[in-house]
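Colleague: Take this structure, written in structure tokens, and hold onto it; I'll ask about it next.
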Amino acid sequence: MAAISVNKISKSYRNIRALQEISFEVKPGELFGIIGPDGAGKTTLFRILTTLMVPEEGTATVNGLDVVTDYKEIRKQVGYMPGRFSLYQDMTVEENLSFFATLFGTTVRENYDLVKDIYQPLEKFKTRRAGKLSGGMKQKLALSCALIHKPSVLFLDEPTTGVDPVSRKDFWEMLRRLKKQGITIVVSTPYMDEAVLCDRIGLIREGEFMRIATPQEIIGSYQEILWAVRSSKMSALLAELRTFEGIKSCFSFGDTLHITVSNEQLLPATLKSILENNGHTDVDVYPIQATIEDCYMLLAK
Amino acid sequence: MSTLKFLLEKEFKQFFRNPFLPGTLVFMPIMIILIMPFAATMDVRNINVAFVLSEQSPLTNRLIQKISSSEYFNLVEVTSSPKEALSLMEKGSADMILEVPVGFERKLTREGKGDLMLSINAVNGAKGGIGTSYISTLLNDFVLEIRDDLAPVVISSATPVIRVVPRYLFNPSLSYRTYMVPALITILLTLLCSFLPALNIVSEKEAGTIEQINVTPVSKFTFIIAKLLPYWIMGFIVFSIAMILACVVWGLIPVGNVATIYLLAIIYVFAMSGFGLVISNYSATMQQAMFVIFFFIIVLMMMSGLFTPFRSMPLWAQYITAFNPLRYLIEAMRMVFLKGSGIQDIARNLFALIGFALFFLLWAVKSYKKSN
């Protein structure tokens, strides 16, 4: 039985379609990533699966329980960490944790093993108010509170947004460890580089999944010729490449431009000399391996 | 049940950690019972009177004496020039000009009548009106006083004189304070028991913490009860403190049964808590909720007969007050406090409040479901 099964779910706000007939399944113990930009419908999907919102059409089950009719039972079995820090800022670290434990009829001591790794760095601040913690600490506390009742399914809505790169890496390390304990994890993120850390990912755009597969499958199915291009005048380069005959697409990726080439006769060295003739200096053109972001861009076209 | 206990524990913890709320809780009854009655007074005192006398006589001297010795009037000027008196009023140092015309005493002693001219600054209508009635009473008194002196000359002993001696029931000293305090106490209940929990719920919405609670097995009903209960408890403690203060400071002991007062208060708190919940259900932000609450506080207070008797409002406005729960509470509180009315006497008010309670609580339950 699937841990989560979603069947043609739709939801609109007034006349905006947030979700359009979304379907997918998550296997027990899987780390499933929902990857997409802001406004793609990620939070709406989470709110439906955590029983905070009722879908307009379609059905969904979590641990075989219907999100509409069995919402009470689901709430006992899942943990949810909203995108926004939603703990009581005027209560201490310790009070927040034990408060959420008691709401589920359990105690911190009973499930301490599960949160130990995450909560340990917080122990020395346990009498500090939650509002006075740093961003990374807040996130650790929020995760501890979402885990303290030993949920079998964990929903994390953009847990790494606004978190520094080191803490982000830490956080994914924690998720890996939780997965080992058999917890099913659904995590959303706008950061494409985090996608490869998931078992399977769904690329979401405007309320629809474009593709659901393992990150390797998605990268493996990328058929385009992909090059990175760099020069000293990047914005002029972008404008030029976008109108260049034989280049299908051109996007900015950090300090390089990624281009897909339709003209198979074109060679990196040829393109380089053409660009140098057009007045560019320090030109660099080389073939690269596709990333999830390249795949997303291709699918989103 | 144990969930409720933990939720309550959390609410109290948060309340007492708040930098403002506990202090306000202590300050509010003190402010309302000790200071407000001085501010909310309709007694008009210190009316400044200027006299315009064209001639001095023993009778006019006696009149001046009579008026200036009253605690309500201050004598500012005795002049012979009406112009000067008027300029005093324009400057604001005189509220009232009493002009005694030439030949007043002669006319009074010969013909038995005399004319006086009274000019009143009516910018403040209430002060003008009340001042007029005070001075009329004073002048009538004056006439009765001098009647005996004049009687042998003018008034035949057969002239009937009606002397009205008022006996003020329920509030013998006509104290406005006695009238205001029972009503002011109700404001405490309104603010503490209905609007404060409503704002608290909205603040959880705004902070997003309500989401985190909603994904736990805590039922909505338990959550709301945990929100209301602390404020009900604190509200009634403050309400009781206010009644004790009223008794100690103003000597205002309810004539009626204290249990009746609490019964009224409890039903009113149910009604207004429901109303507060309705507001919290429709508001997403504190700003929204605050603004709506502010508006309703003004309407509730102004249309309740708190300051001005609603019977003197135009009829259409009186119909509006019929939808104001505070009106029924204030009316009944004054009846129980001052007249010692029992349950039967205030049955109409009780039923109205029960109606409001049912209406708002049902609406609150309905709108809560809708918002999810």
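The values are calculated or read from the model by the stated rules, or taken from the named source; none is laboratory data. All figures in this text were calculated on a predicted structure; none of them were measured in a lab. So basically every Cβ, Gly included, is an ideal-geometry build from the backbone, and we count neighbours across all protein chains shown. Protein only, heavy atoms only, side chains kept; ligands, DNA and RNA dropped before computing areas. Shrake-Rupley method; radii C 1.70, N 1.55, O 1.52, S 1.80 Å.
Colleague: Would you mind finding the one in B:Ala259, B:Ala226, B:Ala289, B:Ala265 that is open to solvent by 40 Å² or more (accessible area, probe 1.4 Å), of a type in the set (Gly, Ala, Ser) and at pLDDT 90 or above?
Modeller: Just a single option satisfies the conditions, and that option is B:Ala259.
Colleague: Only one of these is in the same structural domain as B:Leu196 (by TED's automatic domain parsing), touching a residue at least 12 places away in the same chain (Cβ under 8 Å) and closer than 15 Å to B:Ser194 by Cβ: B:Ile279, B:Ile233. Name it.
Modeller: Details: B:Ile233 fails: touching a residue at least 12 places away in the same chain (Cβ under 8 Å).
On inspection, the qualifying residue turns out to be B:Ile279.
Colleague: For A:Thr243, are the conditions met, namely being without any contact (Cβ under 8 Å) to a residue 40 or more places away in the chain and hydroxyl-bearing (Ser, Thr, Tyr)?
Modeller: yes
Colleague: Still on this structure, please answer the following. Checking the conditions here, which among B:Ser68, B:Ser54 is touching a Pro at 6+ places or on another chain (Cβ under 7 Å) and assigned by TED's automatic domain parsing to the domain that holds B:Ser93?
Modeller: Exactly one of B:Ser68, B:Ser54 is touching a Pro at 6+ places or on another chain (Cβ under 7 Å) and assigned by TED's automatic domain parsing to the domain that holds B:Ser93, namely B:Ser54.
Colleague: A further question follows. On the basis of being within 14 Å of another protein chain (Cβ to nearest Cβ), closer than 25 Å to B:Ile187 by Cα and open to solvent by 70 Å² or more (accessible area, probe 1.4 Å), does B:Phe38 make the cut? Please lay out each step first, then the result.
Modeller: On the way: within 14 Å of another protein chain (Cβ to nearest Cβ): no; closer than 25 Å to B:Ile187 by Cα: yes; open to solvent by 70 Å² or more (accessible area, probe 1.4 Å): yes.
Spelling it out, it is not the case that B:Phe38 is within 14 Å of another protein chain (Cβ to nearest Cβ), closer than 25 Å to B:Ile187 by Cα and open to solvent by 70 Å² or more (accessible area, probe 1.4 Å).
Colleague: Going by the conditions given, is A:Thr160 open to solvent by 10 Å² or more (accessible area, probe 1.4 Å) and either among the β-branched types (Val, Ile, Thr) or within 11 Å of chain B (Cβ to nearest Cβ) (or both)?
Modeller: Spelling it out, it is not the case that A:Thr160 is open to solvent by 10 Å² or more (accessible area, probe 1.4 Å) and either among the β-branched types (Val, Ile, Thr) or within 11 Å of chain B (Cβ to nearest Cβ) (or both).
Colleague: Return the pair list, or none, for Cβ contacts closer than 7 Å from residues in the stretch B:90-101 that are charged (D, E, K, R) to residues that are open to solvent by less than 10 Å² (accessible area, probe 1.4 Å), at least 6 apart or on different chains.
Modeller: B:Asp95/B:Ile47; B:Asp95/B:Gly131; B:Glu99/B:Val52
Colleague: Is it fair to say B:Ile33 is open to solvent by less than 30 Å² (accessible area, probe 1.4 Å) and under 30 Å from B:Val143 (Cβ atoms)? Break it down into steps so the answer makes sense when it comes.
Modeller: Values: open to solvent by less than 30 Å² (accessible area, probe 1.4 Å): yes; under 30 Å from B:Val143 (Cβ atoms): no.
So B:Ile33 does not fit the description; no.
Colleague: Is one or more of the residues making up the stretch B:18-35 within 34 Å of the chain's Cα centre (by Cα), part of a helix (DSSP H, G or I) and within 14 Å of another protein chain (Cβ to nearest Cβ)?
Modeller: Yes, some residue in the stretch B:18-35 is within 34 Å of the chain's Cα centre (by Cα), part of a helix (DSSP H, G or I) and within 14 Å of another protein chain (Cβ to nearest Cβ).
Colleague: Moving to a separate point now. Would you mind stating whether B:Ser194 is small (Gly, Ala, Ser), in contact with a Gly (Cβ under 6 Å, 6 or more places away or on another chain), buried (at least 23 other Cβ atoms within 10 Å of the Cβ) and assigned by TED's automatic domain parsing to the domain that holds B:Arg348?
Modeller: The answer is yes for B:Ser194.
Colleague: List pairs: first in the stretch B:360-372 and open to solvent by 60 Å² or more (accessible area, probe 1.4 Å), second at pLDDT 85 or above and of a type in the set (Val, Ile, Thr), Cβ under 7 Å, 6+ apart or cross-chain?
Modeller: Listed by first residue and then by second, the contacts come to B:Trp363/B:Val278.
Colleague: A follow-up question, please. Anything in the stretch A:77-88 that is in contact (Cβ under 8 Å) with a residue 24 or more places away in the chain, out of contact with any strand residue (DSSP E or B) (no Cβ under 6 Å at 6 or more places or on another chain) and facing another protein chain (nearest Cβ under 7 Å)? List them, or say none.
Modeller: Once the filter is applied, which keeps residues that are in contact (Cβ under 8 Å) with a residue 24 or more places away in the chain, out of contact with any strand residue (DSSP E or B) (no Cβ under 6 Å at 6 or more places or on another chain) and facing another protein chain (nearest Cβ under 7 Å), the stretch A:77-88 yields A:Pro82, A:Ser86, A:Leu87, A:Tyr88.
Colleague: Taking the condition of being within 14 Å of chain B (Cβ to nearest Cβ), part of a loop (DSSP other than H, G, I, E, B) and more than 24 Å from A:Thr189 (Cβ to Cβ), how many residues in the stretch A:57-76 meet it?
Modeller: 2
Colleague: Now a separate question. Sort out which residues of the stretch A:99-111 are open to solvent by 10 Å² or more (accessible area, probe 1.4 Å) and either more than 9 Å from chain B (Cβ to nearest Cβ) or on the phi > 0 side of the Ramachandran plot (or both), and write them in order of number.
Modeller: A:Gly105, A:Thr106, A:Thr107, A:Val108, A:Arg109, A:Glu110, A:Asn111
Colleague: In the stretch B:198-214, what count of residues is obtained for those that are open to solvent by less than 10 Å² (accessible area, probe 1.4 Å) and over 14 Å from B:Lys10 (Cα atoms)?
Modeller: 3
Colleague: Look through the stretch A:40-56, keep the residues that are in a loop (DSSP other than H, G, I, E, B) and either within 12 Å of chain B (Cβ to nearest Cβ) or of a type outside the set (D, E, K, R) (or both), and return whichever of them is nearest to A:Val26 (Cα to Cα).
Modeller: The residue in question is A:Thr50.
Colleague: Only one residue in B:Thr216, B:Thr186, B:Thr190 is within 14 Å of chain A (Cβ to nearest Cβ) and among the hydroxyl-bearing types (Ser, Thr, Tyr), so which one is that?
Modeller: Criteria check complete, one pass: B:Thr216.
Colleague: Among the listed residues B:Met286, B:Met290, B:Met302, B:Met335, identify the single one that is without any contact (Cβ under 8 Å) to a residue 40 or more places away in the chain and either of a type outside the set (Asp, Glu) or in the same structural domain as B:Val202 (by TED's automatic domain parsing) (or both). Step through it out loud before you land on a result.
Modeller: Numbers: B:Met286 fails: without any contact (Cβ under 8 Å) to a residue 40 or more places away in the chain; B:Met290 fails: without any contact (Cβ under 8 Å) to a residue 40 or more places away in the chain; B:Met335 fails: without any contact (Cβ under 8 Å) to a residue 40 or more places away in the chain.
Testing whether each residue is without any contact (Cβ under 8 Å) to a residue 40 or more places away in the chain and either of a type outside the set (Asp, Glu) or in the same structural domain as B:Val202 (by TED's automatic domain parsing) (or both) leaves just B:Met302.
Colleague: Looking only at residues in the stretch B:151-171 that are within 26 Å of B:Ile330 (Cα to Cα) and touching a Ser or Thr at 6+ places or on another chain (Cβ under 9 Å), which one is modelled with the lowest pLDDT?
Modeller: Filtering the stretch B:151-171 for residues that are within 26 Å of B:Ile330 (Cα to Cα) and touching a Ser or Thr at 6+ places or on another chain (Cβ under 9 Å), the one modelled with the lowest pLDDT comes out as B:Asn171.
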